[in-house]
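Asks: I'd like to ask some things about the structure below.
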Amino acid sequence: MKVYTDLSKLDEFRNAVITIGSFDGVHAGHQKILERVRQLAKEVDGESVLVTFHPHPRLVVNPDDKSLRLLTTVHEKVELVNRYGIDHLVFVPFTKGFSQQPPEDYIKNFLVRYFKPARIVIGYDHKFGKHRMGNIELLKQYHKELGYEVEEIPKQEVDHIAVSSTKVRKALLQGEIIPATELLNHYFSLAGEVVRGQAIGKEIGFPTANLDMKDKHKLIPGDGIYAVYVHYDGHRYDGMLYLGKRPTLDNHDNYVCEVNIFDFDKDIYGQKLKIDFVRRIRNDEKFPGLDALKQQLIRDKANALAVLGETSKTETETLQTKGLPKVAVVILNYNGRDYLKEFLPYVLFSSYGNLDIYVADNASIDGSSTFIENNFPQVKLIQFKENHGFAKGYNEALKKVHADYLVLLNSDVEPEKGWIEPIIELMERDKTVGACQPKILTYAKKNYFEYAGGAGGWMDKWGYPFCRGRIFDTTEQDRGQYDNSDEVFWASGAALFVRKELFRILGGFDERYFAHMEEIDFCWRLKRAGYKVMVKPKSVVYHVGGATLNATNPHKTFLNFRNSLITLLKNERKGKLIWLLPLRLVLDGVAGIRFLMQGKIGHVQAIVQAHWDFFSLRSAIRKQRYEEQEAIEKISIGSYNRKGIYKKSIIWQYFIRRRKFFKDLGWN
């Protein structure tokens, strides 16, 4: 991260995504803003910029107000902002003149002149300019003229308490370290130089380092004894710290900050220490004498060690998840209350450390949303006012989800506990993997592959999809024959892992599909950009299947036949389409005759309607093909990846050669 203190020496920022504010404490609300800035910068191939002020605006605007106490010094703010991955931190010298700028001048002559922002992200109720008259509405008023977009981050809450620097300060002044830490999402710290004291602590067996803190505006927590971590020379030590006027000692009423570092005997006079506050052990008290004080300090040390031991254990568990990419499992639901009741607990049993779980409800009328709210408060609920179908439903839901990886999971799926880790490990190791699926077995017969995905999807030379473990209506028993991780052509939408950024840039699913084959179309676009689509059979889920439309429903036949033709026209090479589309229409006619002979008149009508719909959409589909090609070129990492295409006809192999199993197909 680059740090600037002079506006005349700023770099030329590329597609700057900026946020502005004092950011005192860099608390949990600030961190949400920084996370969004970093994400937007990534989306626009730009740089993230935090613009803050020094000195704090209140110290300039109200110089006679001596009440302000800051949570962070300049050095601490730099350290914290750097921790959250921002590219540039700019300290703007805050003066009386700067504060008197009209809001319009602030936008034009400050923000746009110096930063030329592509995006401006501000926190809830952000105000600026003279008398703080500027707000988000004014920023939006100028956005077209000045060429930026504006986004406001809503008020952040921790345990339903709105996060603010003021609330953190209040908690710390009262010695309430745990609530303050939760609001900050990191330890509150003090730093100072070790100076000589009266050595009274050493006389009673508790030698202390006395700290001299130079910054007169830095907040000091309420008086008392605290369990703390002490940072010195690159190491962290356990300790307990005292803040107060030492009422037990006669003629010693000066305020001190002194720390007893456990198991430590180095000479550190003149050295700098950093103190992290973990918990207050007790309030400041007056004791009858030094012996009584010593006995209390023995108890204090035991309590501090117990607190720090438990904290270290929690930190170790947290560190196991730190650095893990964020994964969001998103379940699209329509009237699936019974499925959610049965299968959502298994999703919640997932062992992955950095996981959010969402249910996106497509305007269900079976009480699904109320059921989620009452029984699974840890699940994040997205509610729609109408049923958008599978494709649009996921597109709309995933716009509201912030994660590195998305897992699109059907509501009728039971995952095994460790189902996420193998796939994320694979995709983290190989950045050319754009999408992946687990091994999908049928819920009713758990040793058989399931229709919707099996052990990974393939495509034959005529554009017919099939799977390892399932060809047309024949599913194989799982005997471990497809347990190798392998590259395939498409991954099932029943349990689809995909990189969020790729899903966004490619425009997500084609909403025309409504349901069925939209995941094949999406994976085909990934393949055209050179990405791999994989199956990781070490990850296992069990799928009921048919929860949306079962195979006997003519509407499913309509969607399958129509969407298959749309997929070809959008993705197949133009030269091949000249002969392939007429052939497919003939083969669809053969399928219609087969349905007719079976007495399935509704399915025959569905095929006719599918063809009629396809022909009416041809011009729009061709136009869409060109638009999607532009998106594909943005993410392209190589030439068209054809791995997973079977170079023969699956129809010939299955119906004429009677080869029902994937492993028996002729590959030469």
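The values are calculated or read from the model by the stated rules, or taken from the named source; none is laboratory data. None of these values were measured; they are calculated from a predicted model. Here the Cβ positions follow ideal geometry from the backbone for every residue, glycine too, while neighbour counts run over all protein chains shown.
Asks: Identify, by number, the condition in (1) in contact (Cβ under 8 Å) with a residue 24 or more places away in the chain; (2) outside any loop (DSSP other than H, G, I, E, B); (3) surrounded by 15 or more Cβ atoms within 10 Å (Cβ to Cβ) that R58 doesn't meet.
Replies: Only one criterion is unmet by R58, namely (1).
Asks: Between a first residue in the range 94-106 that is of a type in the set (K, R) and a second residue that is at pLDDT below 90, which pairs have beta carbons less than 8 Å apart while being 6 or more apart in sequence or on different chains?
Replies: The qualifying pairs are K96/V60; K96/V61.
Asks: Give the residues of the range 566-618 that are among the β-branched types (V, I, T) and either crowded, with 17+ Cβ neighbours inside 10 Å or under 17 Å from F655 (Cβ atoms) (or both), sorted by residue number.
Replies: Once the filter is applied, which keeps residues that are among the β-branched types (V, I, T) and either crowded, with 17+ Cβ neighbours inside 10 Å or under 17 Å from F655 (Cβ atoms) (or both), the range 566-618 yields I566, T567, V586, V590, I593, V604, I607.
Asks: Tally the residues that are assigned to a strand (DSSP E or B) and crowded, with 18+ Cβ neighbours inside 10 Å, restricting the search to the range 433-464.
Replies: 15
Let's see how each residue does on (1) assigned to a strand (DSSP E or B); (2) surrounded by fewer than 16 Cβ atoms within 10 Å (Cβ to Cβ):
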site: Q31; (1), (2): no, no
site: G46; (1), (2): no, no
site: S67; (1), (2): no, yes
site: T72; (1), (2): no, no
site: E76; (1), (2): no, no
site: L80; (1), (2): no, no
site: L89; (1), (2): yes, no
site: V92; (1), (2): yes, no
site: D105; (1), (2): no, yes
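Asks: Criterion first (touching a helix residue (DSSP H, G or I) at 6+ places or on another chain (Cβ under 7 Å), touching a residue at least 60 places away in the same chain (Cβ under 8 Å) and outside the structural domain of K399 (by TED's automatic domain parsing)) does S48 satisfy it?
Replies: no
A quick yes/no check of all residues on (1) in a loop (DSSP other than H, G, I, E, B); (2) of a type in the set (S, T, N, Q); (3) surrounded by fewer than 19 Cβ atoms within 10 Å (Cβ to Cβ):
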{"site": "A292", "(1), (2), (3)": "no, no, yes"}
{"site": "R299", "(1), (2), (3)": "no, no, yes"}
{"site": "A306", "(1), (2), (3)": "no, no, yes"}
{"site": "T311", "(1), (2), (3)": "no, yes, yes"}
{"site": "I331", "(1), (2), (3)": "no, no, no"}
{"site": "N335", "(1), (2), (3)": "yes, yes, yes"}
{"site": "Y339", "(1), (2), (3)": "no, no, no"}
{"site": "G353", "(1), (2), (3)": "yes, no, yes"}
{"site": "Y358", "(1), (2), (3)": "no, no, no"}
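Asks: Which members of the range 107-132 meet the condition of being surrounded by fewer than 19 Cβ atoms within 10 Å (Cβ to Cβ), among the charged types (D, E, K, R) and either free of Cβ contacts under 8 Å to residues at least 24 places away in the same chain or in a strand (DSSP E or B) (or both)?
Replies: Within the range 107-132, R113, K127, R132 qualify.
Asks: Taking V433, is it under 29 Å from D338 (Cβ atoms) and of a type in the set (A, V, I, L, M)?
Replies: No.
Asks: Report every pair of residues separated by at least 6 positions or lying on different chains whose Cβ atoms are under 6 Å apart, first residue within the range 67-79 and aliphatic (A, V, I, L, M), second surrounded by fewer than 17 Cβ atoms within 10 Å (Cβ to Cβ) and assigned to a loop (DSSP other than H, G, I, E, B).
Replies: L70/H217
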